[in-house]
Amino acid sequence: MLRRNALLLVSLISAVAVACSDGTDPNTGNDGGAGGGGNAGSAGTAGNAGSATAGAAGSAGTNATGGTAGTTGGTAGATGGTGGTEYAPYPVVPYPPENQATEDKEMLGKILFWEEQMSSDDTMACGTCHRASAGGSDPRASQSGAIHPGPDGMLGTADDRRGAQGIKRCTDNGTTVTYKSDPVFGTNRQVTGRKPPTYLDAMFNRDNFWDGRARSQFIDPDTGQVAIAEGGALESQSVGPPLADAEMACEGRTWPAIHAKLTAAQPLALAHDIPADMKQFIAKYPTYPAMFEAVYGTQEINTKRIAFAIATHERRLTSNQTPWDRWNAGDASAMTEAQVRGFELFMTTGRCNLCHAPPLFSDVLAQGGTDIEFHNLGFLQEDPNFDNGREKVTGNATDRFKVKTPTLRNVGLREAGGLLHTGAGTGANLEAVMAAYKNIPFPNSPNIDPVVGGPGGPSDPLQITGDDIADIIDFMRNALTDPRVKSEQFPFDRPKLGSEP
Ligand code: HEC
Ligand code: HEC
């Protein structure tokens, strides 16, 4: 059993939040949070081969956050089989000093996130492609219009992918939007070549997007100045889609055009079923200039202010009430026996924790300035001319085909639209993903991560049975879903879009 009952003991030993036993002796609960990195590392060595790596990752984690080291070390202890583990709780959200939160700023960000007038033709908000009930991804990704032709450029072939439907190709002369034919999608909505990852829990990502091109350092597009030195990846990300001509923009759109449009717009004029608190805010500040004045002191609408508000909204979206979180906080009944078993396998022979480490079920926290969160899993025959992954950002051939480890929180809600950055094939659903992890389809893919596959490496099948896979899937599909995310309750509540019934 993975659980242990030394919670009280640990809280006596350390007042710092993270509790972690090394697993060999119930009396040696050590605190991964308070400089426990060393302990975590040695606990790792005591485990199996996989856990040794986990121990190393634990030490790296100390640089980024105190909690991670203890967590990973605890895993190794569990592998030893004699003890149990407490994992670090959901981390505290980091705010960049340049962009501190206020309630009004959060509210403005939420309104802008659901504002279809942010797009050139009033049909696309951020929330068109990102919804809580779809696990932070796009619920429309399962629709027939959400197919991207993939590397061969032809629809209806095996390398097709599932992405997000964006704007139809268009031009805009300032007063009228004119649609034109796109070489691939004609007059239909264009589709992104990658499936949207979740925007929930993304505030912990050092860099955003699958390839990390939305960087921690946020440059204000209006001035070219550094607006956030570090920790601004959400801000960096948010300034992409409004100008992207496959997502929200007609060709050649500029920020001044967006500022002018918002100045004249009636906030959320196209939305309906607007939550009461948003409605009240709009009643109090009926125009965007009034809202920007309330938040920033003057009526000026500029790109930095837009980005700061949207990112502040996103930093509030912490999906930290999953069954796993309750179980980890001491409620043994929060997960079923099968899910607990699935979690144990996930942390041991499944080797999933080597990248999807709790509590975020990702490796974005354990980074210490290096790129450890980007990996090539060898899941598909990727074409470098179509998508070379992290290489596009770093220019290093050693980063070819690497993408960021996504959090697995709410992954069960993302499944319907397809998983991974492809949304299809090996990413069709959790069964397809597990089949690929068990027998890596392309073990000779360049830069494949050496930890995938079984103990013998990528060509070696993972040592898990069909029953094991079923339990791991049950754990991921059901025990990592926050019920408030699924039912879109506060803070995940939202207006309905004009495009929705
Ligand atoms: C047309 C659909 C679409 C729209 C509109 C859209 N996004 Fe996305 N979003 C995507 C896709 C696709 C990706 C992944 C792109 C990539 O990795 O290259 C993404 C990635 C992200 C990420 C990164 C998450 C991570 O883990 O890396 C965040 C955050 C996000 N979007 C927020 C937003 C915000 C804020 C807006 C509005 C300003 C927005 N999106 C508008 C489709 C969309
Ligand atoms: C070497 C690091 C690594 C290991 C080990 C690993 N993963 Fe992943 N995982 C990733 C990366 C990177 C992605 C994104 C890959 C892509 O989009 O092509 C991913 C994606 C996923 C997804 C899709 C999530 C989504 O939102 O689309 C699931 C589910 C998943 N992994 C489960 C697992 C399980 C279960 C295991 C253990 C059997 C495991 N992973 C082992 C790095 C890893």
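Tell me, yes or no, whether the stretch 471-482 has at least one residue that is of a type outside the set (D, E, K, R), within 16 Å of ligand 1 (Cβ to nearest atom) and touching a residue at least 12 places away in the same chain (Cβ under 8 Å). Looking for residues that are of a type outside the set (D, E, K, R), within 16 Å of ligand 1 (Cβ to nearest atom) and touching a residue at least 12 places away in the same chain (Cβ under 8 Å), one finds at least one in the stretch 471-482, hence yes. Screening Glu230 against (1) surrounded by fewer than 20 Cβ atoms within 10 Å (Cβ to Cβ); (2) within 30 Å of Val177 (Cα to Cα) leaves a single unmet condition, (2).
For the stretch 357-369, the condition of being free of Cβ contacts under 8 Å to residues at least 24 places away in the same chain and more than 8 Å from ligand 2 (Cβ to nearest atom) holds for none of the residues.
Where residues in the stretch 118-164 are out of contact with any helix residue (DSSP H, G or I) (no Cβ under 8 Å at 6 or more places or on another chain) and among the aliphatic types (A, V, I, L, M), which of them is modelled with the highest pLDDT? Top of the filtered list is Ile147.
Conditions (1) in contact with a strand residue (DSSP E or B) (Cβ under 8 Å, 6 or more places away or on another chain); (2) at negative phi; (3) free of Cβ contacts under 8 Å to residues at least 24 places away in the same chain; (4) not assigned by TED's automatic domain parsing to the domain that holds Arg140, marked per residue:
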residue	(1), (2), (3), (4)
Arg206	no, yes, no, no
Ala229	no, yes, no, no
Gly240	yes, yes, no, no
Ala246	yes, yes, no, no
Thr254	no, yes, yes, no
Leu262	no, yes, no, no
Ala269	no, yes, no, no
Asp273	yes, no, no, no
Ala283	no, yes, yes, no
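Right, Ile473: over 20 Å from the mean Cα position of the chain (by Cα) and of a type in the set (A, V, I, L, M) or not? No: the conditions fail for Ile473.
Cβ separations smaller than 8 Å between residues 6+ apart or across chains give the following pairs from the stretch 379-392 residues that are not assigned by TED's automatic domain parsing to the domain that holds Arg194 to residues that are part of a loop (DSSP other than H, G, I, E, B) and among the aliphatic types (A, V, I, L, M): Phe379/Leu420; Phe379/Ile440. The set of residues from the stretch 191-205 being under 17 Å from Arg161 (Cβ atoms) and either at pLDDT below 95 or near ligand 1 (Cβ under 8 Å from one of its atoms) (or both) comprises Thr192, Gly193, Arg194, Lys195, Pro196, Pro197.
Scan the stretch 186-199 for residues that are touching a Phe, Trp or Tyr at 6+ places or on another chain (Cβ under 9 Å), within 15 Å of Asp159 (Cα to Cα) and part of a loop (DSSP other than H, G, I, E, B) and the total you get is 3. So Trp327 ticks every box in (1) touching an Asp or Glu at 6+ places or on another chain (Cβ under 6 Å); (2) part of a helix (DSSP H, G or I) but one. Which box is left unticked? The one condition Trp327 does not meet is (1). Cβ-Cβ distances below 7 Å connect the following pairs, each with a first residue in the stretch 168-181 that is part of a loop (DSSP other than H, G, I, E, B), a second residue that is among the aromatic types (Phe, Trp, Tyr), and a separation of six or more residues or different chains: Arg169/Tyr179.
The values are calculated or read from the model by the stated rules, or taken from the named source; none is laboratory data. In this text, all values refer to a predicted model and were calculated from it rather than measured experimentally. Cβ: placed from backbone, ideal geometry, glycine included. Neighbour counts: every protein chain shown.
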